[in-house]
Every structure is written in C-alpha cells, then in structure tokens.
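To keep things clear, I will list the structure first and then write my remarks on it.
The values are calculated or read from the model by the stated rules, or taken from the named source; none is laboratory data. Because the structure is predicted, anything quoted here is derived from the model rather than measured. Here Cβ is always computed from backbone atoms with ideal geometry, including for glycine, and neighbour counts include all displayed protein chains.
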Amino acid sequence: MSNPRDTANAALSGSTLLERSKARLIAFFQQPSVKKLVPVLVPSALAAVLFPVFGPAVAGAAAVIAVKSGLDLLGISFSDDTIKKLAKPLEGQQLDESDLQDILQETLEKLISEDEQVNEETAKALIAIAPTIKEAALTNPKLDVLWLGASLETNLKQQGEVMARISSDVRDLVQKDGVELEVERQRLLREWSQIVVEVTSANKSKVSNIESKARAAGGVIGHRIVADNESTIESVKVDSEIQ
C-alpha cells in the first residue's frame, strides 16, 4: 500500500506536483467508461488535480498554509474555509491513495452542490486548470474537444450557482488552442471579481419578496434588479458578503 505520508514533501514541490496532477487527470480520462461519467465529470476532474495537494498534505497533518502553497503552484486559490471543508473528511484516514481520491471526489460532489462558497471557488479553479484538463482529455484518442466542451457544460449546469453561470464560457474556452486559449482563460480570471446577481421581471409580470444573496472570497459583488414592459418588483432584500 502506498503511504501518502511519504509523499507529502514531494507533492508540494513545483513541477513534481504539477506532473502528479496531470498523471491523475490523464488516468481519469483514459478510463474505458469515461464517456459515461459526464454526471460526475467536474468533481472527478477536480479531485484528480487536487489530490496530490490534499491527500498527502492532510495525511501528513500539514497546516492549511501548506495546502495553500501547493494550490498556488497549480494556479488555484481557495479560502481557508474551503480548504478546511475539503480536508476534513480526509483527516485520519488510513487508506491507499485511490481510496483517498474517491473520498475527495465525494466531498467535492457534496460541497459543490450544497455550499455556495465552495461552488464559486471550485468554478474559478476549473477555469484556471482548463488547459490542463483539455490536454489530459485529448490523450485519449476516443475523445475530442467537442465532446469535452459539451460534457463540461452539461455537468456544470447540473451543479447550479456560479458553475452553471460559467458553463458556456468553459465550453467555448476548451475549443480554443494555444495563445487564444490562454488569452481567454486570463480574461475570465481577470474579470472573476465582478459577480452579478440579477433579478428580472418582464412581460407585465410581478415579482415580490425577493432575497438576493451573494458570497465571494474577494472582489466586487453587484446586484442588478430589472423590471421592464409594465412589470414590477417589490420587497427586495439584498445581502452581500466579501469574505
């Protein structure tokens, strides 16, 4: 059995960490049944990329700062709260690496669907690692960018919240190549700090008793309330928090 404790330092060392993440992601996309895994595509891909940071680090009882350092090497930024939520089910586990990765995937599935903050932060992480996901997927000759884009879009919509809102952006992103892909990826990340929550009433409709909530790890949150064509919006409660 492989002991995650023995790899804690190596997993947090630059190119080694990146190669471990790529190797796990490639292994995921090489599965014969990968086309049947669209309902879990996003959390599965994220778990593969994140495991070399979370699995060994948590097994070695490393501090949150150590996990943050590993995530930085992957171009990912998570808040302390999100790191703790993802790491908690892994604490004290005496399992091999494949089992630990399964636990991380299950944790991601649950938190992405139930926790707005985790949904947002992992959505941004997906944008950050989109080129790596595309590269790994295309190592399987049975897959192509059209399948990847459509499958990511479908699964992201199923997650709701921010993931649903970026679904078409991710689909379009993975269709691009080279410099064009990188330019678009950087644009999406650069504009991430502006989150808009919109309530719309149209065609002579009436909307009332609205609670508009948004949470973000940083940046600016905007609430857009729109009523047109003889429509009305009443009793709106706005709640924003930058964490």
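General observations
- The set of residues from segment 166-181 being in contact (Cβ under 8 Å) with a residue 24 or more places away in the chain and either more than 16 Å from L138 (Cβ to Cβ) or assigned to a helix (DSSP H, G or I) (or both) comprises I166, D169, V170, L173, L181.
- Within segment 150-165, the set of residues being of a type in the set (G, A, S), surrounded by fewer than 21 Cβ atoms within 10 Å (Cβ to Cβ) and in contact (Cβ under 8 Å) with a residue 24 or more places away in the chain comprises G160 only.
- Residues of segment 57-76 include none that is at pLDDT below 95, among the hydroxyl-bearing types (S, T, Y) and not in a helix (DSSP H, G or I).
- The residue list E91, E106, E120 contains one member that is surrounded by 15 or more Cβ atoms within 10 Å (Cβ to Cβ) and among the charged types (D, E, K, R), which is E120.
- Taking the criterion of being within 17 Å of E97 (Cα to Cα) and of a type in the set (A, V, I, L, M), the residues of segment 19-49 that qualify are A23, L25, I26, A27, A45, L46, A47, A48, V49.
- Meets criteria (touching a helix residue (DSSP H, G or I) at 6+ places or on another chain (Cβ under 9 Å), modelled with pLDDT of 60 or more and among the small types (G, A, S)) for S151: yes
- The listed residues are L18, L41, and the only one of them that is under 22 Å from the mean Cα position of the chain (by Cα), at pLDDT 95 or above and assigned to a helix (DSSP H, G or I) turns out to be L41.
- Qualifying residue in segment 79-86 (condition: out of contact with any Cys (no Cβ under 9 Å at 6 or more places or on another chain), within 21 Å of V170 (Cα to Cα) and either among the polar types (S, T, N, Q) or modelled with pLDDT of 95 or more (or both)): no
- Selected residue (only one of E121, E180, E191 is of a type in the set (D, E, K, R), modelled with pLDDT of 95 or more and out of contact with any helix residue (DSSP H, G or I) (no Cβ under 8 Å at 6 or more places or on another chain)): E180
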